[in-house]
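One structure is given here, and the rest of the page talks about it.
The values are calculated or read from the model by the stated rules, or taken from the named source; none is laboratory data. If you're wondering where the values come from, they're calculated on a predicted model, not measured in any experiment. Cβ placement follows ideal geometry from the backbone for every residue including glycine, while neighbour counts extend to all protein chains displayed.
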Amino acid sequence: MRKGDNPIRDQRVAKTDTQHTVVIPYFISKDSYFEDTLKILEYCLSSLKSNSCYHSNVHVVANGSHSALVQQQLCDFMEQGLIDDLSIITRPIGKVNAILSVLRNVRSSYVTITDADVLFLPSWDEHVFDVFHHFPKAAAVSPVPIFRTYNRLTANIWWDYFFSSKLSFTPVKDKDSLTMYAKSIGWPWLDDKFKTSYMTLSSKKGFKAVVGNGHFCVTYNTSVFKALPYENTEFILGGDSEHKYLDQPAALCDGYRLATLSNHAYHMGNQAEPWMCELMSSFSSISKTQLPIDATIFKLQKTSCFLKFKCFKYLLVKLKLLKWFYQQKGLLK
């Protein structure tokens, strides 16, 4: 029997003042591959907390774990203020589906989707949002420039700056960071030819950003996710899931995929190493402010997408102009 009136009936949901949400999918199992991942996650969350300039809401989505100890550790991180929102899903729903469970309800203007093994460097978000500020068409920006990303869903940038000197190959600013990223994904080394230059785009005021990015740590203009597929992905990891749900939306809205010129985060991998602890001990907390920029509103651009990503790219390849285009933009033989 009900007694009295529910005190929260007809109350409106409070609007958030945070323009930036960070979504971190986290998966763990009993396999030895994952044995260091709680420590790695702690480094990720602590560096995010210490080194962010702007207020953000950190949402961790853990899936696949039945361990009470793991769940308690995640709750401890939340009590320490490292996590604002925590979702625990005991069945393995997959990385992208874990992200989608949050992403479809995000109301922030920007959302950073990052793997749980990223170590953020001081003021990483300030550098990322500088790119958004200088390039209104920037839709997805990574704090980590990666070798050979200039041909990953970037044909719209080529089209817009085909005859412009603002698009060119320039010398890599931080070669050691490119090598560290390569090692973090299991490459024993990185050939020098991948560390000589990357394609950059210059703004009207001369500010530069790297063309293209990966998807392990990217900040998105949230409006591009209007182009998300309605259904969830059928893959736990891999397949076409990250390409279809994380890479394509920006391109479908004719948005630019860019990265910061210098490296502002490290990909740690699944093994804790001494340099991570040493680097963490050097950080001191940065005071937080509100995000100062307004977000561009992107819309689905089917015609523009077809012309730039299908027809234009096809003609470059078919007419064997791709090598010529690269050379015209300054890429050495």
Name the residues in region 63-95 that are more than 16 Å from LEU45 (Cβ to Cβ) and touching a helix residue (DSSP H, G or I) at 6+ places or on another chain (Cβ under 6 Å), would you? ASN63
Which one of LEU153, LEU167 is under 16 Å from GLY330 (Cβ atoms) and among the aliphatic types (A, V, I, L, M)? LEU167
Scanning region 182-219 residue by residue, those in contact with a Gly (Cβ under 9 Å, 6 or more places away or on another chain) and either of a type outside the set (Val, Ile, Thr) or buried (at least 18 other Cβ atoms within 10 Å of the Cβ) (or both) turn out to be LYS183, SER184, GLY186, SER197, TYR198, MET199
When THR233 is evaluated against the numbered criteria (1) surrounded by 19 or more Cβ atoms within 10 Å (Cβ to Cβ); (2) farther than 25 Å from PHE169 by Cβ; (3) β-branched (Val, Ile, Thr); (4) touching a strand residue (DSSP E or B) at 6+ places or on another chain (Cβ under 9 Å), which criterion, by number, is the only one it fails? (4)
In region 222-247, residue modelled with the lowest pLDDT [restricted to those that are within 23 Å of TRP124 (Cβ to Cβ) and of a type outside the set (Val, Ile, Thr)]: GLU242
Scan of region 191-228 for residues that are in a loop (DSSP other than H, G, I, E, B) and within 19 Å of the chain's Cα centre (by Cα), ordered by number: GLY212, ASN213, GLY214, HIS215, PHE216, LEU228
On the basis of being more than 21 Å from ALA251 (Cβ to Cβ) and in contact (Cβ under 8 Å) with a residue 40 or more places away in the chain, does LYS173 make the cut? yes
Any chance region 290-308 includes a residue that's closer than 23 Å to ASN57 by Cα, of a type in the set (Lys, Arg) and in contact (Cβ under 8 Å) with a residue 60 or more places away in the chain? no
Would you be able to tell me the number of residues in region 190-213 that are at pLDDT below 90 and within 15 Å of ARG152 (Cα to Cα)? 0
Go through region 52-80 residue by residue and tally those that are within 16 Å of the chain's Cα centre (by Cα) and polar (S, T, N, Q). 3
For region 127-149, which positions are in contact with a helix residue (DSSP H, G or I) (Cβ under 8 Å, 6 or more places away or on another chain) and β-branched (Val, Ile, Thr)? VAL141, VAL144, ILE146
What tally of residues in region 199-230 results from selecting those that are touching a residue at least 40 places away in the same chain (Cβ under 8 Å), in contact with a strand residue (DSSP E or B) (Cβ under 6 Å, 6 or more places away or on another chain), among the polar types (S, T, N, Q) and more than 20 Å from ALA98 (Cβ to Cβ)? 3
So the helices (runs of 4 or more DSSP H) completely within region 124-190 holding 1 or more residues that are of a type in the set (A, V, I, L, M), touching a Lys or Arg at 6+ places or on another chain (Cβ under 9 Å) and closer than 20 Å to SER202 by Cβ are 155-160
